[in-house]
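Novice: I have a structure here, written as structure tokens, and I will follow up with some questions on it.
Where a number appears in this text, it was derived from the coordinates with a stated rule and is not lab data. Note that the coordinates shown come from a computational prediction; the quantities given were computed from them, not determined experimentally.
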Amino acid sequence: MQRMAQRGRTLASNTGRVIDALSGVRFSSPAVDSKIEHRVQRKLDALCRVVQERFEVVMRPEVAWDLRGQAAGQANGRRNLIRFNRGLAERYPEEFVAQTVPHELAHLVAFQQFGARIRPHGREWQAVMVMLGAEPCRTHRYKVTPARKLKRFAYQCHCPDSEYQLTAIRHNRIQRGHVYVCKRCLQPLEPKAAAH
């Protein structure tokens, strides 16, 4: 059986991806043989079997380990792709396998079964999470440090005592002509005048 599993793995040329022909899942990472990746893959395979029994749908998502920062995982229904954060998976392996893996797979299942117009953590996603045996929790509880701290810029509108702290990203977009408006007065946000 182990020999068959070894034959099932093939290296896709020039991509750095390993494809597991037995499960149909592709790994995108430099260290494919890490312990946490195998634990996640085993959990994902088990959950895909549950989905197949329940919905009569074969799920074979592509898996990438390229996510960094505060997000533990990310699902893309259109590309049938789940991205995981290796750092968080290695720091919190039990919670990651028990909660994050079903969380992201539930997004793909909900997308496939109910379409793209559903709310990301709405009733459909919650029902899939319960069916997968996980708590339908919107966010993880891992202790994380922000990947970067963005400078903030003060903006205002015509409402009394209004102030908006915009990140450097939005500030730069405004500098290039993008317009952000106040939700109350619908007037464009303008840089706040410096106090004298």
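Novice: Would you mind calculating the gained length between PHE55 and ALA193 on full extension (0.36 nm times residue separation, minus the Cα-Cα distance), in nm to one decimal?
Specialist: Stretched out fully, the PHE55 to ALA193 stretch lengthens by 43.9 nm.
Novice: I've got another one for you. Rounded, prolate or oblate: which one fits region 152-191, using the alpha carbon gyration tensor with axes a ≥ b ≥ c (rounded when a/c is under 1.5, else prolate when a/b beats b/c, else oblate)?
Specialist: The shape class here is oblate.
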